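The structure's right below; bear with me while I get my questions together.
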Amino acid sequence: MNTAANINLATSESISLHCTFGGSDKVYHASLVEKSTGLWQIDTLNGRRGSTLVPRVKPSEPVEYAVAKKEYDKLVKSKLKDNYFVVGEAAPEYQSLSDSETALQGHEPQLLNAIEAHEVEFYISSPLYGAQEKRDGERRQLARASGNVVGSNRKAKAVPLLMEFTGIAPNTKYHVDGEEIGNTLHVFDMLSNESDLRSLGFLKRYDALCEWVSEANSTAISIIPLVTSEADKRALLQSIIDAKGEGIVFKRLDAPYSENSIKFKLYADATVIVTGINLKRSVEIGVLGADGAIVNVGNVTIPPNKEIPAVNSFLDVTYLYFYEGGSLYQPSYDKPRPDKDCADSYSSLKRKPTQN
């Protein structure tokens, strides 16, 4: 008899988190507990420290340990990414906002114009455009003109920076553009490096960025790769699709910073209502029609580690597009939405692109 195989590894656990970012003083407690034999839930409490905390239970019904444990780990990970830290451990250190109150005047971030799927081929095949993966972070510009590093968001408003960012390239004057994800700045463009580069073409700015990142030699920054050949652009797009990434950005290689770039988001999202349960872990889903009735938009498969949702419950799904009068194309289950009491409208769905 294999004794080790019969050991029950299911154990209760809990964590207390604290958030002080941006002047906040919030706490979040989560506990993974067994509610009845073999069935588990996550009890949470959150709110401002010293106030009455709000209790919640996730998921709405007890589930097997493996399912609850995975949800617990995902919950904790998301909070840690959202500027929470474990009580008793050192808090992340942020620059004082007073040190960065000189917002980046006249440096509005370059915008992205969205395109549809049928337009992608032009940018893939055109030698005038390069491509980068669109990262799902928080837009962040960093600039050091003299002394302190200044940080700003997508609205060009000053924000406090992680102290890791303030030590990047301390002896140079620079201005870079990127996405903040966790404690790393993923940079994709450069506005200045000792001198203003904004009037230069993107490829020249990117070359300057590569050189700057290499010389900075900091673990707090990572450069988003650029590809320029048709074959490499196709390969990049396919890799993003395979990884279920957010999307791809096309940039004209000779364009100044003032010229907007192009983005293609691979997946849209929608909140749907479960209208029926099928065989093989699939459920029927619908959205709200103009007359208030539910319009069926196909089926979505529920992953084996997720609980089959009940009829009339709400889910978030991602999809490529919607066939008019038909179904969502390549729908994928995202998460349950017990906080929702209404599905999205039929008219808000992203339609299947029309070929010209």
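Out of contact with any Gly (no Cβ under 9 Å at 6 or more places or on another chain), at pLDDT below 95 and either under 29 Å from Leu320 (Cβ atoms) or assigned to a helix (DSSP H, G or I) (or both): does that describe Gln132?
no
Follow-up question, since we're still on this one. Which strands (runs of 3 or more DSSP E) sit wholly inside segment 256-307 and have at least 1 residues that are over 30 Å from Leu236 (Cα atoms)?
The qualifying strands (runs of 3 or more DSSP E) are 268-277, 282-288, 294-301.
From the set of residues in segment 50-76 that are among the charged types (D, E, K, R) and more than 17 Å from Ile15 (Cα to Cα), which is most open to solvent (accessible area, probe 1.4 Å)?
Glu64
If I filter segment 240-252 down to residues being touching a residue at least 12 places away in the same chain (Cβ under 8 Å) and open to solvent by 30 Å² or more (accessible area, probe 1.4 Å), which single residue comes out as nearest to the chain's Cα centre (by Cα)?
Among residues in segment 240-252 that are touching a residue at least 12 places away in the same chain (Cβ under 8 Å) and open to solvent by 30 Å² or more (accessible area, probe 1.4 Å), the one nearest to the chain's Cα centre (by Cα) is Glu246.
Quick check, is Gly298 small (Gly, Ala, Ser), over 20 Å from Glu61 (Cα atoms) and either modelled with pLDDT under 90 or surrounded by fewer than 16 Cβ atoms within 10 Å (Cβ to Cβ) (or both)?
no
Right, here's the next one. Could you check segment 254-274 and list, in sequence order, the residues that are more than 19 Å from the chain's Cα centre (by Cα) and surrounded by 18 or more Cβ atoms within 10 Å (Cβ to Cβ)?
Ala255, Tyr257, Ser261, Val272, Ile273, Val274
Also: Which condition from (1) in contact with a helix residue (DSSP H, G or I) (Cβ under 9 Å, 6 or more places away or on another chain); (2) modelled with pLDDT of 80 or more; (3) open to solvent by less than 40 Å² (accessible area, probe 1.4 Å) is the one that Gln110 breaks?
Tallying (1) in contact with a helix residue (DSSP H, G or I) (Cβ under 9 Å, 6 or more places away or on another chain); (2) modelled with pLDDT of 80 or more; (3) open to solvent by less than 40 Å² (accessible area, probe 1.4 Å), Gln110 fails exactly one: (1).
Of the residues Ala143, Ala156, only one is in contact (Cβ under 8 Å) with a residue 12 or more places away in the chain, in contact with a Leu (Cβ under 7 Å, 6 or more places away or on another chain) and on the phi > 0 side of the Ramachandran plot; which?
Among Ala143, Ala156, only Ala156 is in contact (Cβ under 8 Å) with a residue 12 or more places away in the chain, in contact with a Leu (Cβ under 7 Å, 6 or more places away or on another chain) and on the phi > 0 side of the Ramachandran plot.
Search segment 135-166 for residues being part of a strand (DSSP E or B) and closer than 30 Å to Glu230 by Cα, and hand back the single one that is most open to solvent (accessible area, probe 1.4 Å).
Glu138
Return the total of residues in segment 207-231 being without any contact (Cβ under 8 Å) to a residue 40 or more places away in the chain, open to solvent by less than 80 Å² (accessible area, probe 1.4 Å) and part of a helix (DSSP H, G or I).
5
For segment 189-198, give me each residue that is outside any loop (DSSP other than H, G, I, E, B), in contact (Cβ under 8 Å) with a residue 12 or more places away in the chain and over 17 Å from Asp254 (Cβ atoms).
Within segment 189-198, Ser192, Asn193 meet the criteria.
From the residues in segment 171-187 that are outside any strand (DSSP E or B), more than 9 Å from Gly137 (Cβ to Cβ) and not basic (Lys, Arg), which one is nearest to the chain's Cα centre (by Cα)?
So, considering only residues that are outside any strand (DSSP E or B), more than 9 Å from Gly137 (Cβ to Cβ) and not basic (Lys, Arg), the one nearest to the chain's Cα centre (by Cα) is Asn183.
Somewhere in segment 91-105, is a residue modelled with pLDDT of 80 or more, surrounded by fewer than 15 Cβ atoms within 10 Å (Cβ to Cβ), on the phi < 0 side of the Ramachandran plot and in a helix (DSSP H, G or I)?
no
May I ask you to list pairs of residues, at least six apart or on different chains, whose Cβ atoms are under 8 Å apart, with the first in segment 261-282 being among the acidic types (Asp, Glu) and the second being open to solvent by less than 60 Å² (accessible area, probe 1.4 Å)?
Listed by first residue and then by second, the contacts come to Asp269/Asp316; Asp269/Val317; Asp269/Thr318; Asp269/Tyr319.
The values are calculated or read from the model by the stated rules, or taken from the named source; none is laboratory data. Owing to the predicted nature of the structure, the values given are computational and were not obtained by experimental measurement. FYI the Cβ positions are ideal-geometry reconstructions off the backbone, even for glycines, and counts take in every protein chain you see. Surface accessibility is based on the protein's heavy atoms, side chains included, excluding ligands, DNA and RNA. Shrake-Rupley method; radii C 1.70, N 1.55, O 1.52, S 1.80 Å.
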